[in-house]
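*Asks:* Can you keep this structure in mind? I'll have questions shortly.
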Amino acid sequence: MESQEETTVENGEEECHTPNGEGREEQEEDGETDEEMVVDGGMEDWNGFISGGRVLGEAEDGEVVSEWRPGEPVTPQHVLQLDSYTEEYLCSPEDNIYNVNFSRFKIRDLASGAVILDIKKNSPTEIQEVIELDTNRFIQYHFSPVFLALREIGATLEFTVGSRALNRFRLIERHFFKNLLLKTFDFEIGFCIPHSRNTCEHIYRLPELDPDTVEEMISSPFETRSDSFYFVNNKLIMHHKAEYSFSPQRDRDNVREYGNSQ
């Protein structure tokens, strides 16, 4: 989430692709080993990515961005033009024909190194070809008000891919508070080989919000929302939604998942 006036995201300056079994000596020299990319002790040899940012809202290759109509393919340019949080999902679980399956999500404060959130999902030791429809596309987070004072966080995704390669795998996130656009994040993850396990850390530079907006966000739990759009070759394959609370009291865990397959 960043201020509504900024449209350029500089989410990291380096894009790193580490194929399975390659670059291990270089990682060890830099103090990073494959052991840091293991999930539940059962996932090894992860492909590593640090995603870079781009200038948002620009058409690619001279493409003319036209108004989207129901029934038409949803493109990155169309979701970049959305002026509010979506009421419905723009694709179905069946559109995830690449069997992308997320197994871990971790958030850390880059300034202190503190881990804010670490969600792990039990994963099989082998990548299954059976496509499981994602019925947990909606999630609620409950963070402390201190979260709104952070300036830079790293969000690590670990995921597996089925039998089809991912070309131009891309994540676009749109964050809103009520009707106010806080920030658009645009991450180019890149290419993922078939039957692969991957980890990707997105670097989020958070906005400097004015005190009145911060107070209103704290006093309005779950009215801060985001849409996450996942594209392969500019085709939407997944759409996830999230809501955020920054109130001092937490009545449950800091994360709640709901089986919502609208």
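The values are calculated or read from the model by the stated rules, or taken from the named source; none is laboratory data. Small disclaimer: the values here were computed from a predicted structure and weren't measured. Positions of Cβ are generated from backbone atoms using ideal geometry, with glycine treated the same way; all protein chains shown enter the neighbour counts. Surface areas here come from the heavy atoms of the whole protein model, side chains and all, with no ligands, DNA or RNA. Shrake-Rupley method; radii C 1.70, N 1.55, O 1.52, S 1.80 Å.
*Asks:* Checking the conditions here, which among Glu63, Glu88, Glu94 is open to solvent by 50 Å² or more (accessible area, probe 1.4 Å), under 29 Å from Arg205 (Cβ atoms) and either under 18 Å from the mean Cα position of the chain (by Cα) or modelled with pLDDT under 95 (or both)?
*Replies:* Glu63
*Asks:* Ok, one more. Starting from residues that are more than 18 Å from Leu182 (Cα to Cα) and open to solvent by 50 Å² or more (accessible area, probe 1.4 Å), keep the ones in the stretch 66-84 and report whichever is modelled with the lowest pLDDT.
*Replies:* Selected residue: Ser66.
*Asks:* For the stretch 191-201, indicate whether the set of residues that are open to solvent by 10 Å² or more (accessible area, probe 1.4 Å), in contact with an Asp or Glu (Cβ under 8 Å, 6 or more places away or on another chain) and of a type in the set (S, T, N, Q) is non-empty.
*Replies:* yes
*Asks:* Next question, about the same structure. Can you give me the number of residues within the stretch 187-233 that are within 30 Å of Gly71 (Cβ to Cβ) and touching a helix residue (DSSP H, G or I) at 6+ places or on another chain (Cβ under 6 Å)?
*Replies:* Qualifying residue count, the stretch 187-233: 2.
*Asks:* For the stretch 171-189, name all the residues that are open to solvent by 10 Å² or more (accessible area, probe 1.4 Å) and either among the aliphatic types (A, V, I, L, M) or within 17 Å of Asn233 (Cβ to Cβ) (or both).
*Replies:* Across the stretch 171-189, the qualifying residues are Leu180, Leu181, Glu188.
*Asks:* Has the stretch 178-191 got any residue that is modelled with pLDDT of 95 or more, among the small types (Gly, Ala, Ser) and over 16 Å from Val79 (Cα atoms)?
*Replies:* No; the residues of the stretch 178-191 include none that is modelled with pLDDT of 95 or more, among the small types (Gly, Ala, Ser) and over 16 Å from Val79 (Cα atoms).
*Asks:* Show the residue pairs that are 6+ apart or on different chains and have beta-carbon atoms under 8 Å apart, the first residue being within the stretch 154-172 and in contact (Cβ under 8 Å) with a residue 60 or more places away in the chain, the second being surrounded by fewer than 16 Cβ atoms within 10 Å (Cβ to Cβ) and among the charged types (D, E, K, R).
*Replies:* Partner pairs satisfying both residue conditions: Gly162/Glu129; Ser163/Glu129.
*Asks:* Still on this structure: Looking at this structure, is Arg205 within 19 Å of Ile107 (Cα to Cα) and either surrounded by fewer than 21 Cβ atoms within 10 Å (Cβ to Cβ) or free of Cβ contacts under 8 Å to residues at least 12 places away in the same chain (or both)?
*Replies:* So Arg205 fits the description; yes.
*Asks:* For the stretch 214-236, state whether one or more residues are at pLDDT below 95, open to solvent by less than 30 Å² (accessible area, probe 1.4 Å) and not polar (S, T, N, Q).
*Replies:* Scanning the stretch 214-236 turns up no residue that is at pLDDT below 95, open to solvent by less than 30 Å² (accessible area, probe 1.4 Å) and not polar (S, T, N, Q).
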